[in-house]
Amino acid sequence: MKIVFTTKGSEWESKIDPRFGRTEYFLIYDEESDELSSFDNRAINDVAHGAGPQTAQKLFELKPDVLITGNGPGGNAARVLGSANIKIFVGAGEMTAKEAFEAYKKGELKEF
Amino acid sequence: MKIAIASGKGGTGKTTLSTNLAAYLAEKESVVLTDLDVEEPNSGLFIHGNLINREDKYKAVPRWNSDNCTLCGNCQKVCNFHAVIQLVDQIMVFPELCHSCYACSELCPTGSLPMIPEKMGELREYQSGNLHFVESKLDVGQEQAVPLIAQTNKYVDEKYSDEIIKLYDSPPGTSCPVIEVTKDADFVILVTEPTPFGLHDLTLAVETMRELDKKFGVVVNRYGIGNDDVIDYCESEKIPVIAKISNSRRIAELYSRGRLLYGEIPELKDELVKVFDFVKGNLDRGET
């Protein structure tokens, strides 16, 4: 299972970024290999229009099974993700990535 | 003569000035008032006339045809607005983000993104004596004001000569829709209020007009509230304050009933005269 978090940093202790389209990082956890990696998305700050689809396109390329985020993607991003068969869990906006992962495991996050 | 009525801050009195100035001037000569605040046009609350035309307005957006597409990715590279993106084996189009620039469609080597018209809003034209009133309104769900503003401008330009007085009620702010409204204006009136918020947004509007190299002046509405900072700012920046409309409960009452003001408030009529004389004098003399 490959799980991606929208985060403000590249570690387990990093805060979840509640925004999807303008998230600063993707934190990527591969459960099988127990490997943690990240993608720096901060260049999105320079994008005035269409941040949602662009970030969604990046996520699409990472091919995760699960996305854990805060507020949930907006309409445009949701359209992209909808065609990728990614399960989306929201409501982790106040947590660290670690806490969000535990909450997800316990079934405490809401499916989008 | 094209005069745009803009502001930084919303709610400062653009529509009040636009509608009263238009109706007052139309007592003597032909005037076209165009409401270009297409997201929420409201000049029509104050201007009543006979509906003489109604047109649906369309913008063209690309639609992907997969038959001959080679997935070369050109379309997503040329789109500045991320309205077209490529996902592994498909092209996805986001009509709300599209600015109808045609780049993806024209540069597609296989013609796989034909441009298809999509209704974005409606234009209406009314007439009451010498006063012609045009307003456009975006459909619910449409996000792009600029294409509708551009088409409304074109309609007015084709129908009415620049010899007559054309007034344009602009949206607030300083972003793309305001640029589209003011870029062809001969003179821009910036309406503000004497408050810190009014001053803050006025300075942004002034910077925008300077960048566009526009002739402009300031009308201070609700004069008497707040402080003198707006007046001081205009003095130090050498920006003409062409009229001051006093804060008045009576104005608010008439406004709330959808009534024009100048017939009932003589001081307001004096300010309208000042505004028009200033703008006309400025344009006649070709001052900058």
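The values are calculated or read from the model by the stated rules, or taken from the named source; none is laboratory data. Keep in mind the model is a prediction, meaning the values are calculated, not measured. Cβ sites come from the backbone with ideal geometry, for glycine too, and all protein chains shown count toward neighbours. With ligands, DNA and RNA removed, areas are computed over all heavy atoms of the protein, side chains included. Shrake-Rupley method; radii C 1.70, N 1.55, O 1.52, S 1.80 Å.
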Which of the residues spanning region B:1-29 are in a loop (DSSP other than H, G, I, E, B), out of contact with any His (no Cβ under 8 Å at 6 or more places or on another chain) and open to solvent by 10 Å² or more (accessible area, probe 1.4 Å)?
-> B:Met1, B:Gly10, B:Gly11, B:Gly13, B:Ala26, B:Glu27, B:Lys28, B:Glu29
Options B:Ser112, B:Ser128: the member that is of a type in the set (Ser, Thr, Tyr), open to solvent by less than 20 Å² (accessible area, probe 1.4 Å), in contact (Cβ under 8 Å) with a residue 12 or more places away in the chain and away from chain A (no Cβ under 14 Å) | B:Ser112
Can you tell me which residues in region B:230-251 are surrounded by 13 or more Cβ atoms within 10 Å (Cβ to Cβ), out of contact with any helix residue (DSSP H, G or I) (no Cβ under 8 Å at 6 or more places or on another chain) and in a helix (DSSP H, G or I)?
-> B:Ile231, B:Cys234
Return yes when B:Glu264 is surrounded by fewer than 19 Cβ atoms within 10 Å (Cβ to Cβ), within 26 Å of B:Val178 (Cα to Cα) and free of Cβ contacts under 8 Å to residues at least 40 places away in the same chain and no when it is not.
-> no
Residues of region A:25-42 classified as of a type outside the set (S, T, N, Q), assigned to a loop (DSSP other than H, G, I, E, B) and either surrounded by 19 or more Cβ atoms within 10 Å (Cβ to Cβ) or touching a Pro at 6+ places or on another chain (Cβ under 7 Å) (or both), total = 0
Please enumerate the residues belonging to region A:67-82 that are assigned to a loop (DSSP other than H, G, I, E, B) and buried (at least 23 other Cβ atoms within 10 Å of the Cβ).
-> A:Thr69, A:Pro73
Of all the residues that make up region B:66-107, how many are open to solvent by 70 Å² or more (accessible area, probe 1.4 Å) and either more than 31 Å from the chain's Cα centre (by Cα) or within 14 Å of another protein chain (Cβ to nearest Cβ) (or both)?
-> 9
Subset of region B:36-65 [aromatic (Phe, Trp, Tyr) and either open to solvent by 40 Å² or more (accessible area, probe 1.4 Å) or within 14 Å of another protein chain (Cβ to nearest Cβ) (or both)] | B:Tyr58, B:Trp64
If the Cβ limit is 6 Å and pairs must be 6+ apart or interchain, which residue in region A:87-110 that is without any contact (Cβ under 8 Å) to a residue 40 or more places away in the chain pairs with which residue that is part of a helix (DSSP H, G or I) and open to solvent by 20 Å² or more (accessible area, probe 1.4 Å)?
-> A:Phe89/A:Tyr104
Residues being on the phi > 0 side of the Ramachandran plot and free of Cβ contacts under 8 Å to residues at least 24 places away in the same chain - total across region A:68-86 | 1
Residues that are within 25 Å of the chain's Cα centre (by Cα) and either open to solvent by 80 Å² or more (accessible area, probe 1.4 Å) or farther than 20 Å from B:Lys280 by Cα (or both), drawn from region B:213-229 = B:Asp213, B:Asn221, B:Arg222, B:Tyr223
For region B:142-154, indicate whether the set of residues that are within 28 Å of B:Leu51 (Cβ to Cβ), within 14 Å of chain A (Cβ to nearest Cβ) and surrounded by fewer than 16 Cβ atoms within 10 Å (Cβ to Cβ) is non-empty.
-> yes
Extreme residue, nearest to B:Pro95 (Cα to Cα), among residues of region A:51-108 that are away from every other protein chain (no Cβ under 11 Å) and of a type in the set (Asp, Glu) | A:Asp65
Say whether the condition of being closer than 22 Å to B:Gly11 by Cα and among the small types (Gly, Ala, Ser) is met by at least one residue in region B:191-212.
-> yes
